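The values are calculated or read from the model by the stated rules, or taken from the named source; none is laboratory data. Keep in mind the model is a prediction, meaning the values are calculated, not measured. Reconstructed Cβ throughout: ideal geometry from the backbone, glycine too, with neighbour counts over all protein chains shown. Just so you know, the surface numbers come from the protein's heavy atoms only, side chains and all, with ligands and any DNA or RNA stripped out. Shrake-Rupley method; radii C 1.70, N 1.55, O 1.52, S 1.80 Å.
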Amino acid sequence: MANQPGMRKKASSESINKSSVDKLLNPSLLGRPDVAPYRIVLGHVRDKLVNTRRRLEELLEGLTDNYDPSEYYETAEQLLEPLLLCHESMEECGSDTLADGRLADFIRRVATFGMTLMKLDLRQESDKHTEALDAITEFLEIGTYSQWDEEKKLKFLTTELKGKRPLIPPSLEMSPEVREVLDTFHVAAGIGSNSLGAYVISMASEASDVLAVELFQKEARLVVSGDLGRPCPGKTLRVVPLFETVKDLRDAGRVIRKLLAIDWYREHLIANHQGHQEIMLGYSDSGKDAGRLTAAWELYKAQEDVVAACKGYNIKVTLFHGRGGSVGRGGGPMYLAIQSQPPGSVMGSLRVTEQGEMVQAKFGLPQTAVRQLEIYTTAVLLATLHPPNPPRSAKWRDVMEEISEQSCKHYRNVVYQNPEFIPYFHETTPEAELGNLNIGSRPTRRKQSGGVSQLRAIPWIFAWTQTRSVLPAWLGLGAGLLTAFKKGHKDDLQSMYREWPFFQSTIDLIEMVLAKADLSIAKHYEEVLVAPNRQQLGSILREDFLSTERCVLQVSGHQKLSENNKTLRRLIESRLPFLNPLNMLQVEVLRRLRQDETNEKLRDALLITINGIAAGMRNTG
């Protein structure tokens, strides 16, 4: 009997407050004491969710959409409406425990993940957009877009964005490549921003690259809305320039200032994206272009510059870090990475890529995934509320410039200027064989010619990691530090390591890579696989490695590599009994496979060794 008041309270909640949920019920059901309104409303929600899923599956199969818009959900807002009304009604009836239980959890999930769990980004190189604009301007007989200077491009794009008439004529003749670009925008316009997040422009280098994408979005929405007979769903996608090479990183601040100085674009950001600009920074190609140390320093300066540029126009900025799993591609412990960003670059928001085997390693198990998200959240909060220290003095920045300059010079002399390097790379690593194995989402090269410049960053790092030399992560650093030592900056470097989080994390990550490397294994690859007339280069590289190791230890003050990370040392030592035999097997498999390239059993054996070495080395992708 003591429970009867509670039972009566629950019954009254089932009768439901007429000011809220009754509006969702069939009028014929109102006032009936045997009707459970919440169950009816949520039953309708369940049915519409089932229809939503079935509709999407049928559309993916290419079937006709035969559903009435009232029978399915298109946006998260539509799904939230009945849920929030039920929550409001329960609170009005005094059923707070019910309202704040599983229903509140469900509402939070919908508000967080929407209808799609995760939005997909689109990505295309800026050159592809330029080719499409060339086709349009040449068809309209107004010139060749790619030959115009930047000011003329901006004037043309801004004029078209402000206008109301379509730019692209239906009769436009185009190549398959141009058609693919335009069709992508048409599909994106039809899907809308409810399922798609950002449009990332690879190899962005000018403000016109961003406006070109905005123009294509505008054109596509005009066409698609005409086909649908109604406005396109959602808003235009946010456009994210990706600065990748060292040159583009150095120009990033200038480009963003040029872009934000355009009234149309600034007003567009405020109206459609809450005055928010996202900028992506590429770690992979910058590292391949100039070496890890120079890339890290240029990325640091680029962040400072673009943050200042956006602040000058009162635009909020989110930096999107295009990191890989390996140190050579910006990888490493996420907490350490976030805590070493420039002050002001993490203002409550951060985007970062997780790629390759790191997705499984960090998010493969629920407990591990929760722990990783806690690390992200904690690091972002700390970096926002208590930003890391900047360089203590202008002298530190000057020293970094000197180290970076010498490091880049040495790296490029070896990788791009030495005619023996490319043949040596092909022979001593399994890079050529990687392209024949189904272990990547993209071809290993952008173009078949062009040497290292056209090789994608993932196989570049991956191939060197397989041989245990991990060359891209450390090459050039020793030359830069040695130059600084000769100029009397040793004390400055040690102070920078102790007091500047950016410099300390950079040195610690490279020290970790040096600890994972094994020169005897790398030398074995060379002795078996490399032509005798090129093996001298290997000797030079190994001496360079030892010089880098000595310099790093002098800066960190450690007696041996990873002295301050005993856990890492134990992990490395525990894997060696498994790693070393795999490397020996891989060398022999490569030797035989290069004599019999059609042998499928050898290919399978190579794949097994590649997977095993990658698992043992970690940080490979």
Residues E527 and K164, FRET efficiency given R0 of 56 Å [Cβ-Cβ distance, rounded to 0.05]: 0.20
Considering only protein heavy atoms and a 1.4 Å probe, what is the carbon-and-sulfur percentage of the accessible area of the chain? 53
Given a 1.4 Å probe and heavy atoms of the protein chains only, how would you sort E278, E88, E173, E527, largest accessible area at the top? E173, E527, E88, E278
Less than 14 Å Cβ to Cβ from S70, Lys/Arg counted +1 and Asp/Glu -1: what total charge do the surrounding residues give? -4
In Å², and per residue, what accessible area does the chain have when probed at 1.4 Å with the other protein chains present? 49
Given R₀ = 35 Å, FRET efficiency for A36-H186 by Cβ-Cβ distance, to 0.05? 0.15
Extension gain from D105 to R123, taking 0.36 nm per residue of separation minus the Cα-Cα distance: 3.1 nm
With a ≥ b ≥ c taken as the square roots of the eigenvalues of the C-alpha gyration tensor of region 503-621, please select rounded if a/c is under 1.5 and otherwise prolate if a/b is larger than b/c or oblate if it is not? oblate
Ordering F106, F503 by how much accessible area each has at a 1.4 Å probe, largest first, what is the list? F106, F503
Counting helices only, and only those DSSP H runs with n ≥ 4, report the 222 nm mean residue ellipticity of the chain as the sum of -39,500 (n - 2.57) divided by its residues, in deg cm²/dmol to the nearest 500. -19500 deg cm²/dmol
Using only the Cα atoms of region 237-312, build the gyration tensor, take square roots of its eigenvalues as a ≥ b ≥ c, and label the shape rounded, prolate or oblate: rounded if a/c is under 1.5, else prolate if a/b is larger than b/c, else oblate. prolate
Once you've got the Cα coordinates, tell me which of K487/K516; K288/K523; K119/K218 are over 28 Å apart. K487/K516
Length released on extending from A369 to S574, taking residue separation times 0.36 nm less the Cα-Cα span: 71.3 nm
Using a simple spin-label model with points 7 Å from Cα along the Cα→Cβ vector, what separation in nm is obtained for R592 and D134? 4.9
Would you kindly state how much longer the chain becomes between T144 and L59 on full extension, computed as 0.36 nm times their sequence separation minus their alpha carbon distance, in nm to one decimal? 26.7 nm
Going 7 Å from the Cα of Y313 along its beta-carbon direction, which residues of region 138-167 have the amide nitrogen within less than 19 Å of the resulting point? 150-163
At 1.4 Å probe size, with no ligands or nucleic acids counted, give the accessible surface of H489 in Å², nearest ten. 30
Mind ranking R618, R392, R221 by accessible surface for me, highest first, 1.4 Å probe? R392, R618, R221
Select from M347, P423, L80 the residue farthest towards the positive end of the dipole of the chain; place +1 on Cβ of Lys and Arg, -1 on Cβ of Asp and Glu, and compute about the Cα centre. M347
List the aspartates and glutamates whose Cα lies under 15 Å from the Cα of K362, skipping any in the same chain that are fewer than 8 positions away. E354, E374
What nm value, rounded to one decimal, do you get for the distance between H44 and K247 when each label is placed 7 Å out toward the C-beta? 6.1
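Y67 to F113: FRET efficiency via 1/(1 + (r/R0)^6), r the Cβ-Cβ distance, R0 22 Å, to the nearest 0.05?
Result of the calculation: an efficiency of 0.45.
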Which is farthest toward the positive dipole end of region 567-621 among N611, L568, L590, measuring Cα position about the Cα centre, with Cβ charges +1 (Lys, Arg) and -1 (Asp, Glu)? L568
Inter-site label distance for E543 and L381 at 7 Å from Cα along Cβ, in nm: 5.3
